[in-house]
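Laboratory data are not the source of any read-out in this text; all were calculated from the coordinates shown. Not measured: the values here are computed from a predicted model. Methodologically, a virtual Cβ is constructed for each residue, glycine included, from the backbone with ideal geometry; neighbour enumeration extends over all protein chains shown.
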Amino acid sequence: MKFILGTKGPMTTVFTDDGRAYAATVITVKPNVVTQIKTQEKEGYSAVQIGAVETKEKRVNKAQLGHAKGKALKHFRELNLKGAAADVELGAALDVSLFAVGDKVEVSATSKGKGFAGVVKRHGFHGGPRSHGQKHSERAPGSIGGSGGRAGGRVAKGMRMAGRMGSDRVTVRNLSVLQVLPETGELVLSGAVPGVRGGLVEIRG
C-alpha cells in the first residue's frame, strides 16, 4: 500500500542524467499517521485511514482528538483496499520513503476555484458572430431548449450553462516520481498537480 497526504508546493524544473528537462511539482509531506484500519467484518469494507498535518489542539474537537490518540490532526483520508488485507499497523508513521524514483502515482486534490464564469470560459463555447449587427450576444449561450423543443418545454438536465467554475475534486494519473528527498520531507512529481499552493494533496501509488 502506497498512500500519503501532503501539501502542494511550487513548480520547478528537474534535469535528469540523460539531459531531459521535466516540469515538476514539489509536494511537502510531513509524517502521516495510520489512525484506523477498517475491516470487512467490523465496518463492512476494507480500508486504511490516515491523518496528516498537525495543528493546535484547540482547533480540533474532542472526538477527533480521541480518535487520533491525542494527536491534533487537521486532515483524515481513507484508502479503500477492496478486500485486501492492510500491510500497515495502527499508529504507524508514513513518510516519503514509501515511494521510490520512477514510481507511477495518481494525485487527487481540489482544483482552484474560479468563481462565477460564463459558458465561453467554463465550457469552451465559441459565442456568437462578431458581425451583422451583433450587440450583446458575443458570449451568450444561445438557446437552452424550452418552448416545446427537444426536451418538451423544459431545460434538459445537464445543460451546459454559466455557473461556478473550479473547486472540484480532480485526479491526475500516471505522474512519475522524479525525486524523493527524505531529509526535507519532499516528493518531486512530474507535471502539474491540481489545486493551490498549500492545498491538501492525496498521493496513491
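The table that follows gives values for the structure above.
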{"read-out": "Gaussian network model of the chain, springs between alpha carbon atoms under 10 Å - residue of PRO31, PRO129, PRO141 with greatest fluctuation", "value": "PRO129"}
{"read-out": "Coil-residue GluC sites (Glu not before Pro) of the range 1-78, DSSP, other Cβ within 10 Å capped at 13", "value": "GLU41, GLU43"}
{"read-out": "Sum of side-chain charges, THR55 neighbourhood, beta-carbon under 12 Å (Lys, Arg +1; Asp, Glu -1)", "value": "+4"}
{"read-out": "Dipole moment magnitude, nearest 20 debye, the range 25-105 about Cα centre, only Lys, Arg, Asp, Glu C-beta charged", "value": "460"}
{"read-out": "³J(HN,Hα), Karplus 6.51/-1.76/1.60, whole Hz, each residue of the range 89-102, x for Gly, Pro", "value": "9, 4, x, 5, 9, 10, 9, 5, 5, 4, 9, 10, 4, x"}
{"read-out": "Förster radius 25 Å - calculated FRET efficiency between THR12 and THR110, Cβ distance, rounded to 0.05", "value": "0.70"}
{"read-out": "Additional length obtainable on full extension of the chain from ARG130 to ARG160, 0.36 nm per residue less Cα span", "value": "8.6 nm"}
{"read-out": "Cβ-Cβ FRET estimate between LYS82 and GLU183, R0 fixed at 30 Å, reported to 0.05", "value": "0.30"}
{"read-out": "Protection proxy ranking, peptides 154-167, 107-120, average beta carbon neighbours within 10 Å, highest first", "value": "107-120, 154-167"}
{"read-out": "Student exercise, the chain dipole from Lys, Arg, Asp, Glu Cβ charges, in Debye to nearest 20", "value": "1460"}
{"read-out": "For the chain: Kirkwood Rh in Å [reciprocal of mean 1/r, alpha carbons]", "value": "20.4"}
{"read-out": "Summed side-chain charge close to ARG173 - residues other than ARG173 whose Cβ falls under 12 Å, Lys, Arg +1, Asp, Glu -1", "value": "+1"}
